[in-house]
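J.: Okay, here's the structure, questions in a sec.
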Amino acid sequence: QKDSNHLLSFHRPSVEKAAMAVEVLSTINVSMQQFIANVQGNQERATKIILNNELLLMQELQFHLTVHNPFRAVEGLLIDIKTRCDSVHSVDSFRPEIQTFLDSVFLTDACMIYAPSQIALAAVIHAASRQKQNLDSYVTESLFGEQGEEAILHIITCVRNIRVMVKNIPDPTPNIKTLCTRLEQCRNQDNNPDSLAYKRKLEELVDEDALLLEDHTPSNQQARMDSLECRQR
């Protein structure tokens with residue numbers, strides 16, 4: 001049985017709409033301009049698609065939105081480092097390296113295995129090491145010092161594993177364009193705004209709305225009542 005709500009059933013802009021709705025409604029401060037900057041293709045058209053379908057998407061999700069990602073945890077860690085770690089300087093200079101690391105993390109299974117806070121810590125430590133700065137004392141003393149050696153060993157292992165996963169990301173598949181073309185063919189064309197099937201579906205919905213509107217106009221209602229009375233006579 002075909003699942004109409006399966007991810008592969010939807011065109012890419014529909015998935016982008018989902019991401020936008022989740023990010024905005026989970027109180028993450030992401031403006032439309034910031035989000036669209038990461039969208040490939042016609043950004044103006046993507047903006048219209050997102051805004052026109054946001055409420056419909058939320059209804060399909062039954063208004064239950066939960067987001068788990070490391071971005072918010074990164075901000076908390078950076079604030080904490082500025083407050084409690086005097087040995088580290090120019091913390092905001094870590095941001096480009098952190099962003100690059102997190103972009104790479106999403107190409108691995110790390111998000112399925114480790115907590116967002118652990119991924120965030122790995123990103124910050126990675127960025128610090130790239131800037132030739134050391135966060136070992138911050139992690140072992142300020143952050144986890146009160147939790148004991150076992151907790152410290154656990155977080156060190158998690159951070160190491162996450163960084164190894166990012167380091168071992170395989171090179172892009174040579175025939176990626178061919179695979180993308182095949183993937184597009186697998187999607188449900190009824191949900192592809194560029195397809196004829198989607199446009200026909202949209203026209204049918206518009207025609208149905210027009211008929212419903214006509215049925216509820218006073219003149220049409222009176223005409224049906226007059227017709228009914230004539231038949232009864």
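The values are calculated or read from the model by the stated rules, or taken from the named source; none is laboratory data. Worth saying up front: this structure is predicted, and the values here are computed from it rather than measured. Quick reminder, even Gly has a Cβ in these numbers, built from the backbone with ideal geometry, and neighbours come from all protein chains shown. Heads up: the accessible areas ignore ligands, DNA and RNA and are worked out on the full protein's heavy atoms, side chains in. Shrake-Rupley method; radii C 1.70, N 1.55, O 1.52, S 1.80 Å.
J.: Would you work out which of Pro170, Leu107, Val139 lies farthest towards the positive end of the dipole of region 92-194? Charges go on Cβ: Lys and Arg +1, Asp and Glu -1.
T.: Pro170
J.: Another one. Give the Rg/Rh ratio for region 35-191, taking Rg as the radius of gyration of the Cα atoms and Rh as the Kirkwood radius, to two decimals.
T.: Details: Rg = 19.6 Å, Rh = 18.5 Å.
On the Cα set of region 35-191, Rg over Rh gives 1.06.
J.: Here is a further query. With +1 on each Lys and Arg Cβ and -1 on each Asp and Glu Cβ, and nothing else charged, work out how big the dipole of region 65-197 is about its Cα centre, in Debye to the nearest 20.
T.: Values: 12 positive and 16 negative charges, 76 e Å.
Dipole of region 65-197, to the nearest 20 debye: 360 debye.
J.: For Ile119, Ile49, give me the order by solvent-accessible area with a 1.4 Å probe, most accessible first, ignoring ligands, DNA and RNA. Let's see the in-between values first.
T.: On the way: Ile119 0, Ile49 25 Å².
Largest accessible area first, the residues go Ile49, Ile119.
J.: Return an integer: the convex hull volume of the alpha-carbon atoms of region 149-203, in Å³ per residue. Write down the numbers at each step before the final one.
T.: Working: hull volume 7.1 nm³, N = 55.
So the per-residue Cα hull volume is 129 Å³.
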